[in-house]
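Inspection log for the structure reproduced underneath, given as structure tokens.
The values are calculated or read from the model by the stated rules, or taken from the named source; none is laboratory data. Remember, predicted model here, so these are calculated numbers, not experimental data. Here the Cβ positions follow ideal geometry from the backbone for every residue, glycine too, while neighbour counts run over all protein chains shown. For accessibility, only protein heavy atoms count, side chains too; no ligands or nucleic acids. Shrake-Rupley method; radii C 1.70, N 1.55, O 1.52, S 1.80 Å.
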Amino acid sequence: MVIALALTGFLAGALGARVLRRLRRGADAHWLWCALPTALLWSLAGALDLPPRWLPVPLALAWVGVALAVVDLRHRRLPDALTLPAYPVAALLLVWSGADLGRALAGCALFGGFHLLVHLLRPSALGGGDAKLAGVLGAVLGAVSWTALPLAALGAAATTLVLARCRRSRHPPADLPHGPGLLASTWLLTVT
């Protein structure tokens, strides 16, 4: 199953790069930038022996997460064409998985609301795309557990700080994307 997921993830990632190029405000992404990380994440999810009804959640999150991280790292934006459709897709997957939908909705409101508040108070610290993305990630995190919400926030902050250290000499701190950290920490919490 791991090999099948790796191959399918590779193809799905390559398709994701094609989707990025076809967006209204297209994104320059080599197909391997999406194909290889998606294949890796899908194979890891398959190797972890997750419940079959939950497995589509981290797979979908990996696909959209890799695509969004590539765009955020390359162009410093998270396109609405990917973040907004993620809401109904996540809702369907959470219903399918049998997750606690009340907790998922509360997670959406809390995590999304917190990030929206930060965006409104300090737009230079957190972009509007990050605030939109945080709602759908909060729903997934809420379905995982209550403790997943603060853990994801801490994980995202730590990832952004690591990126800041790695890129300090080439980019100003305000130019650092926060989306990849949000996506990575959420994905990790969906598979643990």
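Observations on the model:
- Top-ranked residue of segment 155-167 - restricted to ones that are touching a residue at least 12 places away in the same chain (Cβ under 8 Å) and open to solvent by 10 Å² or more (accessible area, probe 1.4 Å), ranked as nearest to Val191 (Cα to Cα): Gly155
- Selection of segment 90-113 for residues being surrounded by fewer than 16 Cβ atoms within 10 Å (Cβ to Cβ) and in a helix (DSSP H, G or I) yields Leu92, Val95, Trp96, Leu101, Gly102, Ala109, Gly113.
- Residue, least open to solvent (accessible area, probe 1.4 Å), within segment 114-133, restricted to residues that are without any contact (Cβ under 8 Å) to a residue 12 or more places away in the chain and assigned to a helix (DSSP H, G or I): Gly128
- Looking across segment 7-44 at every residue that is closer than 10 Å to Val71 by Cβ and outside any helix (DSSP H, G or I), the one that is most open to solvent (accessible area, probe 1.4 Å) is identified as Arg25.
Residue-wise test of (1) among the β-branched types (Val, Ile, Thr); (2) farther than 20 Å from Leu149 by Cα; (3) touching a residue at least 24 places away in the same chain (Cβ under 8 Å).
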| site | (1), (2), (3) |
| --- | --- |
| Phe10 | no, yes, yes |
| Ala14 | no, yes, no |
| Arg18 | no, yes, no |
| Leu23 | no, yes, yes |
| Arg53 | no, yes, yes |
| Ala81 | no, yes, yes |
| Ala86 | no, no, yes |
| Val95 | yes, no, no |
